[in-house]
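What follows is a single structure, written as structure tokens, with notes after it.
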């Protein structure tokens, strides 16, 4: 464990908490892509199947449970409790355009052709594209609530911190997880234009609106 | 060498 990974996990948790607070307090999931949240729940489900079989540490187990809970509660709030505020018309990204290539690639490019390893690989590839429906929705509506931009900032920051964690682990313990690193780079690249808008607009007190 | 498949990261 290193400081980049801890900060990354905290940033990831913070993002999920910000989203839950936004939905709960505003009693609305306007501007939130339910499809992205479904994909995140799928990412955690397919990645944390070893929750009961492969004990790594208390921290690892607790965080996996918390992440799974946050993901499913968020999906429930969007499609259940506050479904009347769900903007399904603008949440129109075709999930099959993501799932088909990701499933195909996880069968082609993995470390070993076993069910748990293919599911782990699927979760890594899926996570790198899971935010696209959300970014697509913002580009379609042309704007995002400020609290939503904070959610996206910490969500993007988490994987950027993981990139630093992998550099650190490569130099200190010669650890190199190619599938996770390549996917993490792709994932972080998707946030770049958002990061630019966040830093140049939101941090200056303006509302995030796309030209 | 076979990859360490412990996947100790979240």
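What follows draws every value from the coordinates through simple rules; no lab data is involved. Here the structure is a predicted model, which is why all the values come from computation and not from measurement. Reconstructed Cβ throughout: ideal geometry from the backbone, glycine too, with neighbour counts over all protein chains shown.
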Residues residue A:200 and residue A:20, FRET efficiency given R0 of 22 Å [Cβ-Cβ distance, rounded to 0.05]: 0.20
Between the Cα axis of helix A:34-47 and the main Cα principal axis of chain A, the angle (0 to 90°, nearest 10) is 10
Quick check on the exposure proxy: order B:8, A:91 from fewest to most C-beta atoms within 10 angstrom. B:8, A:91
How far, in degrees from 0 to 90, does helix A:132-141 lean away from the longest principal axis of the Cα atoms of chain A, to the nearest 10? 10
Packing-ranked peptide list from A:150-161, A:6-17, highest mean Cβ count within 10 angstrom first, is A:150-161, A:6-17
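From the Cα gyration tensor of segment A:55-104, with a ≥ b ≥ c the square roots of its eigenvalues, which class applies: rounded if a/c is under 1.5, or else prolate if a/b is larger than b/c, or else oblate? Walk me through the intermediate numbers first.
Values: a/c = 4.95, a/b = 1.38, b/c = 3.58.
Oblate is the answer for segment A:55-104, as a/c is 1.5 or above yet b/c matches or exceeds a/b.
Please state the relative contact order of chain A as a whole percent: Cα pairs under 8 Å, 6+ residues apart?
Working: 241 pairs, mean separation 66.9, N = 211.
Result for chain A is 32 percent.
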Nearest-ten-degree value, helix A:58-76 long axis tilted from longest Cα axis of chain A: 30
Can you bin the protein assembly as shown into rounded, prolate or oblate? Criterion: square roots of the alpha carbon gyration tensor eigenvalues sorted a ≥ b ≥ c, rounded for a/c under 1.5, prolate for a/b above b/c, oblate for the rest. prolate
Running a GNM on chain A with Cα contacts under 10 Å, which residue among A:180, A:41, A:71 ends up with the highest mean-square fluctuation? A:180
For chain A, modelled as a GNM with alpha-carbon contacts under 10 angstrom, which of A:111, A:79, A:196 fluctuates the most? A:196
